[in-house]
Structures are given as structure tokens and as C-alpha cells.
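Asks: Below are the C-alpha cells for one structure; questions will follow.
The values are calculated or read from the model by the stated rules, or taken from the named source; none is laboratory data. Predicted model, so just to flag it, every value in this text is computed and none were measured. Counting neighbours? That spans all protein chains shown, and the Cβs are built from the backbone with ideal geometry, glycine included. All accessible areas refer to the heavy atoms of the entire protein, side chains included, with ligands and DNA or RNA removed. Shrake-Rupley method; radii C 1.70, N 1.55, O 1.52, S 1.80 Å.
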Amino acid sequence: MDDEQRQQDDWASSRKNRLPSFTEVLSRRTRPPVDLFMFYLFLQREGAEDILDFWLDVQQHENLCRAYFKDVRKSGRTIKEDWPQYWDYARRRGSIYGTVVGMNPETKRSTASTNELLSEQDRRNLADVDEKFGGASVSPGTRVASTSPDPYSGARSTSPFGVSGLGRTPTLFTMKRASRAPTIIPRSSAITRLNLIASAERIFYRYLSPAANTVNSTENHEIYLPPSLRIHSFPLTSTQEPKTAAELNLMAQIPDIFHAQKEYCFRAMEQDAFPRFLRSKAFGNLTPISALVRLIAGLLILWIGLAAGFSLIFLDVQPKSKRFFLFIPFSLAVLFLVSHQYELDPIMVFFGQSETTPFRTLRIREPYVQKLLLGRAIWVTVLVTIFVVALTLLFWAVPGHRL
């Protein structure tokens, strides 16, 4: 635990003058309020956590495949001897497991729909997630659906797995559902190829299969992908070992089947949701609901303060110094209104707190974010002070006139 804490401190010290990258957040190298947990909550508020669940599940699937390949090599056999169909597929088409299976580490996938979205350094960073998601085994009993759709049912399919090249591209972040974190099942036995099929099958039925093809629709959380990356059918089943040559050749694609979709989701989150997440958490510490509550409370208290101020003026209440007590409602009102505008509560920042969900907080531990929020909190405090002093002096200076 001490070594892990020391490593976290080293990573944090390397970010003293910058915000974290998306890869660092996914690999759990950041601290609140810009860690993976807070990013998940941010997507959950937008109803878009499915895409992160999908990325994490595919990462788990790929780590499961890596663990299988490593177990084979530790047993003294080569991948070529153990799984000749996959070896031939990887040699011809390329694979992300080139280093693990003993191929040229420079080998890359040549599929037309695959883009190199991550650098080699990013891939090494993401490999560290093995400690969190690795060592997982998915048993055949964890299938979402008990039957597989007809492998030849999609007329638009361009591959045995039904990857389509036609159709419209809907908006990416539009799915609404209750939260479901990725399923992680402890590994208790040697990984088999049926486990790999079961893992891929679960991902397909949960995220990629249309709801109509799912026996239990509550387990379907379909994400939207561009037409060239959609998969319409899953011809294999985890209930029996593939036997025919066609099935064995299809099984050879299982380790890499979702990699292109995973990279697309990575790019979509990195370019769309992640910048908004950083703006929300690195420059503010309030949730939208909490900010809205402050707006309503600020307007109500401001109305009370103005009503009291005009009453003191038009009733010509003496002594005039009593008007200085107006700074109390003015301070609260202006503080709430400015906090809503900046989505930042300076008092919470001074106590080192940031909201996770409405009115629930955690401690700010990311050094650079802490510095940014402290600077903005000081600016908000100065702004509030200026407005409160101006309003208080204005109502004090107006001469009384009894109506």
C-alpha cells in the first residue's frame, strides 16, 4: 500500500503545473475531483455513462485475452501451437497483442475501419490498468442472452460478425438509463477460449445488440457507433466449443473484435465529454442542481434584502446606521448568485471540498486543480465583497423619506 501511495504521489507531483490527460484519468493516476470516479458521475448526470462502461468492459476483455496468452506461454507452449487460427489471423491482419503472443511489437492492425488513436506511450499507460481489471474470468453462465441471432440475418453486413457499412449515425451521448458499473468476476480457474467468447458475447449483447434481439431488455444498454463500426450479429456461442473451420476462423477474431469500437469511444470521450468534465471540476466545485438551488436562494434573499432596504428608506427609520445590517442579506444573496454564475462556492474551496453529487462533497487532492480552484475562489470572494459593499453603501447613503 505504501508503494502504491508513493507512486500516486510521484504521478501527482508530475502534474503540479498542468491538468491531467484523459489517459491518466482512465488509468487511475489522478486524484479527486478529476479522477475516474468523478468522470463516471459526470457522464452519469448526462445519461452517457454507457460509453465509459463499454470502454472499461472492453479493456477488461482485452486484459482477459492478455492473461490467456500469458498463461499459454507460461505453460511452455507457443500461441502458434495452442491457437493456430488466431496466430494465422494475427500474422495476416495484425493484432494489438503482438508483443504478448511473441510477434513483432511493431505489428499493427490493418483493418480499414481501425485508426491509431493512441500513442505507444498511451498504450503502455493503459496496460497498467491490468492491476485493476486484469485477472478476471467470465464464466459461460454470465451470458446476457441464451440464444444468438442468426449470423446471416443482417443484409447490410460486410463481415461474419455483421459490421455494417450503411445507415445513419445518431448522436453519441443520447442514451438514458440507470447506472451500471462494469461487471468484474474474480478469476478462480484457468482461462479458456470459451471464457473469451463469453466475455465478448456479454459485451455484444449488453452494448451493441439492438434491444429487440436481447432476451432481457434491462441488460441492453446499446451505444451508438458510426455505421462502419456497428456489429449486428454475434455468430458464436459460449455454450459449446467451435468445431467447424468457419467457426474456428471466427473465434480467431474474438481477441481484437471490439478494439476499433473501443478506440472510437476513447476518441469520442476525449474530444467531447472530457474537456467539459475538466471545465466543470477543475474550474468549479458545484453540481448543476446545487448551482440552481443557489440561484433560487440568491434571488429570494436578494428580494428580502431589497424589500428591507426600501422599507428602512421610506419609513425613515432612525438611526441611519441600522441600514448597515443590510450587508447580511446582501452578502448571502450576492454569494449565492455569483456562486451560481461561476459554479464555484469559495467557502467550500477554502475548506478543500468539491461536490460529487448534490450537497455531497469530497476533499480536493489534485495539486494543480487545488491551485486553480483556490485562485478562482479568491477572485469570487473579492467580487462578492465589492458588490456587497457597493449595495450596502448605496442604501446607507440614500436619504430617508417617510411616505
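Asks: In region 327-341, is there at least one residue being free of Cβ contacts under 8 Å to residues at least 24 places away in the same chain and over 39 Å from the mean Cα position of the chain (by Cα)?
Replies: Yes, there is a match, as at least one residue in region 327-341 is free of Cβ contacts under 8 Å to residues at least 24 places away in the same chain and over 39 Å from the mean Cα position of the chain (by Cα).
Asks: Looking at (1) touching a helix residue (DSSP H, G or I) at 6+ places or on another chain (Cβ under 8 Å); (2) open to solvent by 70 Å² or more (accessible area, probe 1.4 Å); (3) part of a helix (DSSP H, G or I), find the lone condition where GLU241 falls short.
Replies: Only one criterion in (1) touching a helix residue (DSSP H, G or I) at 6+ places or on another chain (Cβ under 8 Å); (2) open to solvent by 70 Å² or more (accessible area, probe 1.4 Å); (3) part of a helix (DSSP H, G or I) is unmet by GLU241, namely (3).
Asks: Cβ contacts < 7 Å: first residue modelled with pLDDT under 95, restricted to region 386-400; second residue exposed (fewer than 13 other Cβ atoms within 10 Å of the Cβ) and assigned to a loop (DSSP other than H, G, I, E, B), any location; separation 6+ or different chain. Result?
Replies: GLY400/ASP316
Asks: Another question, then. Going residue by residue through region 256-279, is there one that turns out to be more than 21 Å from the chain's Cα centre (by Cα) and in a loop (DSSP other than H, G, I, E, B)?
Replies: The answer is yes; a qualifying residue exists.
Asks: Counting just the residues of region 217-227 that are under 26 Å from ASN63 (Cβ atoms) and open to solvent by 10 Å² or more (accessible area, probe 1.4 Å), which one comes out modelled with the lowest pLDDT?
Replies: Out of the qualifying residues, it is GLU219.
Asks: Given the condition part of a helix (DSSP H, G or I) and either surrounded by fewer than 20 Cβ atoms within 10 Å (Cβ to Cβ) or modelled with pLDDT under 95 (or both), answer yes or no: does some residue in region 350-358 qualify?
Replies: Looking for residues that are part of a helix (DSSP H, G or I) and either surrounded by fewer than 20 Cβ atoms within 10 Å (Cβ to Cβ) or modelled with pLDDT under 95 (or both), one finds at least one in region 350-358, hence yes.
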